[in-house]
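Novice: This is the structure I want to talk about, given as structure tokens.
The values are calculated or read from the model by the stated rules, or taken from the named source; none is laboratory data. These numbers come from a predicted model, not from an experiment. Here Cβ is always computed from backbone atoms with ideal geometry, including for glycine, and neighbour counts include all displayed protein chains. Protein only, heavy atoms only, side chains kept; ligands, DNA and RNA dropped before computing areas. Shrake-Rupley method; radii C 1.70, N 1.55, O 1.52, S 1.80 Å.
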Amino acid sequence: MMFSFLILLGLVLLFIFWVVAIYNGLIAARNAYKNAFAQIDVQLQRRFELIPNLVEIAKRYMAHERETLEAVMTARSAAMSGAAAAKSVPGDPAAMARLGSSEGVLGGALGRLMMVAEAYPELQANQTMRELTEELRSTENRVAFSRQAYNDGVTVYNNRREVFPASLIAGNCGFRPAGLLAIPSAEAEMRQSPKVAF
């Protein structure tokens, strides 16, 4: 009788440890993607701080390109708003979609600014403009790497919460699916095949 009780107690303890291990694994995966998003946020803030300086330098040379400069600043404001919303709930699919969309608009506006800036040799020769442009490119690369790390973390988390038996625990403990961060303009450019003309 005592032996049966000990076996039953051992099985119950083993089950409890198993559930705790799955729960802790889900917590670790969720914290990993939240940390990865924090890295995106750092790079986005860095870029948001660079943009006004870039626009201010460009204003001196591009007085009649006011519409382009205003579009960049408007897109920056929308992207900052999207980043703030995503920062408050990292992984929320709606917040990630909003951030991705606003980042796509900002990327397009910055691209137009760079294309217009090429028509101004004095602006291109400005050392500060060149440094800011290089810093912006470097930051864009960091954002891309951080976004990839975040998306990898979200994928690991979502896989962990969807596999059986963890899906039973995840569903009962409030582990919701996390959303990937996709930036529409970047995704579309990557999927287009290059055009080659001879």
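Novice: State the volume of the convex hull built on the alpha-carbon positions of the stretch 38-185, expressed per residue in Å³ and rounded to an integer.
Specialist: On the way: hull volume 13.2 nm³, N = 148.
Per residue, the Cα convex hull of the stretch 38-185 comes to 89 Å³.
Novice: Taking all protein chains together and a probe of 1.4 Å, list Ser81, Ser4 from the most accessible to the least accessible. Intermediate results must be reported in sequence, preceding the final value.
Specialist: Values: Ser81 50, Ser4 75 Å².
Largest accessible area first, the residues go Ser4, Ser81.
Novice: Something else about it: Which loop GluC sites (Glu not before Pro) in the stretch 101-139, with loop taken from DSSP, have no more than 15 other Cβ atoms within 10 angstrom of their Cβ?
Specialist: Numbers: sites: Glu103, Glu118, Glu122, Glu131, Glu134, Glu135; in loops: Glu118.
Passing both the DSSP loop test and the Cβ count: Glu118.
Novice: Mind running the shape call on the stretch 1-57? Use the C-alpha gyration tensor, a ≥ b ≥ c as the square roots of the eigenvalues: rounded below 1.5 for a/c, prolate if a/b tops b/c, oblate otherwise. Write out the running numbers ahead of the final one.
Specialist: Working: a/c = 14.40, a/b = 12.95, b/c = 1.11.
Note, shape of the stretch 1-57 comes out prolate.
Novice: While we're here: Per DSSP helix of 4 or more residues, -39500 (n - 2.57); summed, then divided by the residues of the chain. What does that give at 222 nm, rounded to the nearest 500?
Specialist: Numbers: 7 runs with 164 residues, N = 198.
Result for the chain, helices only: -29000 deg cm²/dmol.
Novice: Leaving ligands, DNA and RNA out of it, work out the accessible area of Arg46 with a 1.4 Å probe and give it in Å² to the nearest 10.
Specialist: 70 Å²
Novice: Moving on. Any idea what the dipole of the chain comes to, in debye rounded to 20, about its Cα centre with Lys/Arg Cβ at +1 and Asp/Glu Cβ at -1? Please list the in-between numbers first.
Specialist: On the way: 20 positive and 18 negative charges, 100 e Å.
Using only the charged Cβ atoms, the result is roughly 480 debye.
Novice: Sticking with this structure for a sec: Where in the stretch 22-49 is the amide nitrogen less than 16 Å from a point lying 7 Å along the Cα-to-Cβ axis of Val163?
Specialist: The answer is 22-30.
Novice: Hey, another quick one. Ratio of alpha-carbon Rg to the 2.2 N^0.38 Å globular estimate for the stretch 111-172, to two decimals, please. It would help to have the intermediate numbers written out before the result.
Specialist: Details: Rg = 21.4 Å, N = 62, 2.2 N^0.38 = 10.6 Å.
Relative to the 2.2 N^0.38 Å estimate, the stretch 111-172 comes out at 2.03.
Novice: From the convex hull of the Cα coordinates of the stretch 1-125, what is the mean projected area in square nanometres? Walk me through the numbers on the way to the answer.
Specialist: On the way: hull surface 40.6 nm².
The number I arrive at for the stretch 1-125 is 10.1 nm².
Novice: Still on this structure: Taking all protein chains in place and a 1.4 Å probe, what share, in percent, of the accessible surface of the chain do carbon and sulfur account for?
Specialist: Working: 7320 of 11970 Å².
With neighbouring chains kept in place, the figure for the chain is 61 percent.
Novice: Could you state the accessible area per residue of the chain in Å², with a 1.4 Å probe and every protein chain left in place? Numbers along the way, then the final one.
Specialist: Working: 11970 Å² over 198 residues.
Accessible area per residue: 60 Å².
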